[in-house]
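Peer 1: Here it is, the structure in full.
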Amino acid sequence: MKDKLTIVKVSGKIVENPDALKTFIKRFTAISGKKLLIHSGADFASKFGNKMGVNTRMIGGRPVVDDNTLQLLTMVYAGLVNKQLVSLLQWHKVNALGITGADMNVMQSVKHVPNNMGWTGDVKQVNAQALSAILDSGVVPVLAPLTHDGKGNLLFNETDAMAAEAAKALALRYDVQLIYCFEKNGVLLNPADPDSVVAVLKRTQYKNLREMEIIKDWFINKLDNAFSAIDHGVKEVIITNAANLGNSELGTHIRPIVRTATEQTTPKRTK
């Protein structure tokens, strides 16, 4: 029987809000068993960039990562933000290790296509053995949104995809639950109503909500990654408010399709 592993991706809006972050850390530390944390940083880099004279250009909500921006993102996310999270976890008696994808060759990426995003990466390979070695030693990895290309270059990565790729790779070794934590209560039928949460989201309903443009923009990327994780062996994906982390009754749940014994044994008819 596989051990359970909980992978949590926390959004930058939570990380940059001191009160929300404290609540999240308490909820995260209460999760039993093996766990892994992946974080972004929202506007931290932009704020520091303005002070340092580094202006970040955006395309589709993602930064164009030129040489100066990559240095800034590395300093802020792999440095300040990552180590703040590690220190908060240590305060709560959780032995944590802050890393990037370059450390222990945890994640390799290729440049994002089209390549007008500069040093932006898409995960190509996850070193499940390296991550398992950390997890099985009782240490909690805290992964910053940076990887490497195997040629000496760092790449900045979108964290929803990083979390999904980590979950898919580790699903071969553990029973993985992937949780996306952000500032909303889950997938909402009415974006103006925080209580209109879809408790269980199926693929057909997701498709309909996209066609109706209830789900759009960056949230499509989050849900595409969630369904991809389910397709590759992840047991469950939960999308929830960071303050509700650990409450299994709340948030939006995405699960594999469970087929009945008849469906599994009855051959399909051919024309």
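The values are calculated or read from the model by the stated rules, or taken from the named source; none is laboratory data. From a predicted model like this one, the values you see are computed outputs, not experimental measurements. Every residue, glycine as well, gets a Cβ built from its backbone with ideal geometry; the counts of neighbours run over all protein chains shown.
Peer 1: Hand me the list of helices (runs of 4 or more DSSP H) wholly inside the range 131-233 holding 2 or more residues that are of a type in the set (Gly, Ala, Ser) and in contact (Cβ under 8 Å) with a residue 40 or more places away in the chain.
Peer 2: Ranges flagged: 159-170, 218-231.
Peer 1: Here is a follow-up. From the list 113, 76, 94, exactly one residue is in a loop (DSSP other than H, G, I, E, B) and at pLDDT below 95. Which is it? Don't jump to the end; show me each part of the working.
Peer 2: Values: 76 fails: in a loop (DSSP other than H, G, I, E, B); 94 fails: at pLDDT below 95.
Testing whether each residue is in a loop (DSSP other than H, G, I, E, B) and at pLDDT below 95 leaves just 113.
Peer 1: Please count how many residues of the range 11-34 are closer than 21 Å to residue 170 by Cα and either free of Cβ contacts under 8 Å to residues at least 12 places away in the same chain or touching a Lys or Arg at 6+ places or on another chain (Cβ under 9 Å) (or both).
Peer 2: Matching residues across the range 11-34 total 5.
Peer 1: Then there's this: Can you tell me which residue among 93, 83, 111 is touching a residue at least 40 places away in the same chain (Cβ under 8 Å) and closer than 26 Å to residue 32 by Cβ? Steps first, please.
Peer 2: Values: 83 fails: touching a residue at least 40 places away in the same chain (Cβ under 8 Å); 111 fails: closer than 26 Å to residue 32 by Cβ.
None of the other options fit; the residue is 93.
Peer 1: So in the range 12-33, with the set limited to residues that are outside any helix (DSSP H, G or I) and more than 17 Å from the chain's Cα centre (by Cα), which one is modelled with the lowest pLDDT? Full working, then the answer.
Peer 2: Going through the range 12-33, the residues outside any helix (DSSP H, G or I) turn out to be 16-17, 30-33.
Within this subset, residues satisfying the condition of being more than 17 Å from the chain's Cα centre (by Cα) are 17, 30, 32-33.
On the way: 17: 92, 30: 97, 32: 95, 33: 96.
Ranking the candidates gives 17 first.
Peer 1: Assess whether residue 188 counts as being touching an Asp or Glu at 6+ places or on another chain (Cβ under 9 Å) and farther than 23 Å from residue 37 by Cα. Walk me through it before giving the result.
Peer 2: On the way: touching an Asp or Glu at 6+ places or on another chain (Cβ under 9 Å): yes; farther than 23 Å from residue 37 by Cα: yes.
So residue 188 fits the description; yes.
Peer 1: Answer yes or no as to whether residue 210 is surrounded by fewer than 20 Cβ atoms within 10 Å (Cβ to Cβ), under 16 Å from residue 6 (Cα atoms) and not acidic (Asp, Glu). Please lay out each step first, then the result.
Peer 2: Details: surrounded by fewer than 20 Cβ atoms within 10 Å (Cβ to Cβ): yes; under 16 Å from residue 6 (Cα atoms): no; not acidic (Asp, Glu): yes.
When the stated conditions are applied, residue 210 does not pass them.
Peer 1: Between residues in the range 235-248 that are without any contact (Cβ under 8 Å) to a residue 40 or more places away in the chain and within 19 Å of residue 175 (Cβ to Cβ) and residues that are part of a strand (DSSP E or B) and of a type outside the set (Phe, Trp, Tyr), which pairs lie under 8 Å by C-beta distance while being six or more apart or on different chains?
Peer 2: Close Cβ pairs satisfying both conditions: 248/238.
Peer 1: Mind listing just one residue for me: the one in the range 119-146 that is surrounded by fewer than 19 Cβ atoms within 10 Å (Cβ to Cβ) and in contact with a Ser or Thr (Cβ under 7 Å, 6 or more places away or on another chain) and, of those, farthest from residue 41 (Cα to Cα)?
Peer 2: Selected residue: 124.
Peer 1: Take the range 199-247 and flag every residue that is under 13 Å from the mean Cα position of the chain (by Cα) and polar (S, T, N, Q).
Peer 2: Once the filter is applied, which keeps residues that are under 13 Å from the mean Cα position of the chain (by Cα) and polar (S, T, N, Q), the range 199-247 yields 221, 225, 228, 240.
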